[in-house]
């Protein structure tokens, strides 16, 4: 098969590309816009870089024309004012790609979403396959709109729509984990005291789910993705720091986290820099989530390499 991965020059997109090349015989179209695809990926003869602009539908046709499946990661991180650009980068750009994929006869379209699109969820009311709820953040609202467009457009067509909704993906090279380590090394990593329930998935198991979604001809629909032992944000950060040999994160009031995000976002807006924190990022980060992984276990990944954070802490 030939798989088109968008955001292949980014963090999770690039790591999925390496996983596919290492664990399958498939070939890859690696879509990028400005930042080039890593040289080590292109050294494999099965990988081809495709420079495209998701804002320009005409530029997408060549990348899609010979693809059997698309895995869509591309987006914008670490920029101020996400409420203004996410309706474009999360939703409009996905619409452009979905339309191009349908025009090219792509058989399967996999969008990487997250459980936050159902708002707060719990073990008693887990994230399943609902698209009728109203999430609290711009990140989740715009991704939900992209999901809805994908599934609506695929009706009465041959293209199978899939939404993978992973909880927090963890691993040594995952961007947010690496950033947390930098903060911890500077003694600047803090988290509020009240436990926030979250559902983790290791990088290896997430990549395996993505590949299974491509390869299983019957896979279709919405798949919440998580491990067997939900955790809390506080536990994850404590375990990370323990593995790194660093002091545990400071426990701070939640209002101070929002204040820091507001300050970082406004500094970035004034001086034209990137920012790791925005108010909307904290807004989505304070939403508890729990995934019903029944469909994932049935169709994609019956057995996990790392069933819990305790099993996977060595990859941090």
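For the chain, how big is the tail of P(r) above 25 Å, as a whole percent of Cα pairs?
49 percent
If you take the square roots of the eigenvalues of the alpha-carbon gyration tensor of the stretch 2-110 and sort them as a ≥ b ≥ c, do you get rounded (a/c under 1.5), prolate (a/b over b/c) or oblate?
Verdict is oblate for the stretch 2-110.
Using alpha carbons only, how many degrees (0 to 90, rounded to 10) separate the axis of helix 11-23 from the longest principal axis of the chain?
60 degrees
Would you give the gap between the C-alpha center of the stretch 59-96 and the C-alpha center of the stretch 103-161, rounded to a whole Å?
Between the Cα centre of the stretch 59-96 and that of the stretch 103-161, the gap is 14 Å.
Sorted by average packing, counted as other Cβ atoms within 10 angstrom per residue and highest first, what order do 90-103, 169-182 take? Don't jump to the answer; show the numbers that get you there.
Values: 90-103: 20.6, 169-182: 17.1.
The most tightly packed comes first, giving 90-103, 169-182.
Determine the relative contact order of the stretch 221-287: mean sequence separation of Cα pairs under 8 Å and six or more apart, normalised by residue count, in whole percent.
The value is 20 percent.
For the stretch 82-231, give the share of DSSP beta bridges that are antiparallel, in percent and rounded to the nearest 5; count only bridges with both residues there. Write out the running numbers ahead of the final one.
On the way: 1 of 14 bridges.
Roughly 5 percent of the DSSP beta bridges within the stretch 82-231 come out antiparallel.
With both bridge residues required to lie in the chain, what share of the DSSP beta bridges run antiparallel, to the nearest 5%?
If I count the DSSP bridges inside the chain, around 5 percent turn out antiparallel.
Restricting attention to the alpha-carbon atoms of the stretch 47-115, what are Rg (one decimal) and Dmax (integer), both in Å?
12.6, 37
Would you work out the Kirkwood radius for the stretch 198-266? I mean one over the mean of 1/r across all pairs of different Cα atoms, in Å.
15.4 Å is the Kirkwood radius here.
Where a ≥ b ≥ c are the square roots of the eigenvalues of the C-alpha gyration tensor, would you call the stretch 269-316 rounded, which needs a/c under 1.5, or, failing that, prolate if a/b is larger than b/c, or oblate?
Note, shape of the stretch 269-316 comes out prolate.
R0 = 41 Å: FRET efficiency of residue 155 with residue 122, Cβ-based, nearest 0.05?
0.85
State the extension gain, in nm to one decimal, for the chain segment bounded by residue 259 and residue 130, taking 0.36 nm per residue of separation less the distance between their alpha-carbons.
Gain in length upon complete extension: 43.2 nm.
Give me the orientation-averaged projected area of the Cα convex hull of the stretch 215-316, in nm², one decimal. Each step should come with its number before you reach the end.
On the way: hull surface 37.4 nm².
Computed as one quarter of the Cα hull surface, the answer is 9.4 nm².
Just want to confirm a number: the relative contact order over the stretch 1-137, from Cα pairs under 8 angstrom separated by 6+ residues, in percent. Mind showing how you got there, number by number?
On the way: 207 pairs, mean separation 31.8, N = 137.
Computed value for the stretch 1-137: 23 percent relative contact order.
Which order do peptides 258-266, 9-17 fall in by mean Cβ count within 10 Å, highest first?
Details: 258-266: 16.7, 9-17: 22.2.
Put in order of decreasing packing, that is 9-17, 258-266.
Relative contact order, percent, of the stretch 59-198 when contacts are C-alpha pairs under 8 Å separated by at least 6 residues?
Over the stretch 59-198, the number comes to 26 percent.
Across bins of 10 angstrom width beginning at 0, how are the C-alpha pair distances of the stretch 111-151 distributed, in whole percent?
That works out to 32, 58, 10, in percent per bin.
For the stretch 82-131, treating each Cα as an identical point scatterer without solvent, what Debye log10 I(q)/I(0) comes out at q = 0.20, 0.32 1/Å?
The Debye formula, applied to the Cα set alone, gives -0.85, -1.14.
Quick one, can you get me the convex hull of the C-alpha atoms of the stretch 154-259 expressed as volume per residue in Å³?
Working: hull volume 14.0 nm³, N = 106.
Enclosed volume per residue, from the Cα hull, is 132 Å³.
With a 10 Å Cβ neighbour count serving as the proxy for reagent exposure, in which order, fewest first, do 241, 52, 127 appear?
241, 52, 127
Name the shape class, rounded, prolate or oblate, that the alpha-carbon gyration tensor gives for the stretch 83-214, where a ≥ b ≥ c are the square roots of its eigenvalues, rounded holds for a/c under 1.5, and otherwise prolate holds if a/b is larger than b/c and oblate otherwise.
Values: a/c = 1.87, a/b = 1.69, b/c = 1.10.
Note, shape of the stretch 83-214 comes out prolate.
No value in this document is a laboratory result; all are computed from the given coordinates. Quantities reported herein were computed from a predicted structural model and do not represent experimental measurements. As a convention, Cβ positions derive from the backbone with ideal geometry for all residues, glycine included, and neighbour counts pool all protein chains shown.
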